[in-house]
Amino acid sequence: MPYINIRVTDTNVTKEQKRQLIEGATQLLVDILDKKPESTHVIIDEIPIENWGFNRK
């Protein structure tokens, strides 16, 4: 059972974009690893922007 976890900030991610992420990630596993889409699980975690950080140089 493949499991994919996608983490994004919680700013302006629409239901349609989430649907596309799930479909696209699932299709990658079908195409590359020959996995069955019905057994693939995709979780999208929305992280509050104030909890997301990185070092810009």
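The values are calculated or read from the model by the stated rules, or taken from the named source; none is laboratory data. All values derive from a computational prediction rather than experimental measurement. Surface areas here come from the heavy atoms of the whole protein model, side chains and all, with no ligands, DNA or RNA. Shrake-Rupley method; radii C 1.70, N 1.55, O 1.52, S 1.80 Å.
The angle separating the long axis of helix 15-33 from the principal Cα axis of greatest extent in the chain is about 50 degrees.
Listed by chain and number, the aspartates and glutamates whose alpha-carbon sits under 14 Å from that of Lys18, ignoring those within fewer than 8 places in the same chain, are Asp10, Asp45, Glu46. In the chain, Rg over Rh equals 1.08, where Rg is the alpha-carbon radius of gyration and Rh the Kirkwood radius from pairwise Cα distances.
Over the chain, with every protein chain in place, what whole percent of the accessible area is carbon and sulfur at 1.4 Å, could you tell me?
Its accessible area is 52 percent carbon and sulfur atoms.
The mean sequence separation of alpha-carbon pairs under 8 Å and at least six residues apart, normalised by the residue count of the chain, gives a relative contact order of 56 percent.
With θ taken as phi - 60° and the Karplus curve 6.51 cos²θ - 1.76 cosθ + 1.60 applied, the whole-hertz 3J(HN,Hα) list for the range 43-48 is 10, 10, 9, 9, 9, x Hz, x standing for glycine and proline. Normalised per residue, the accessible area of the chain is 84 Å², obtained with a 1.4 Å probe and no contribution from ligands, DNA or RNA.
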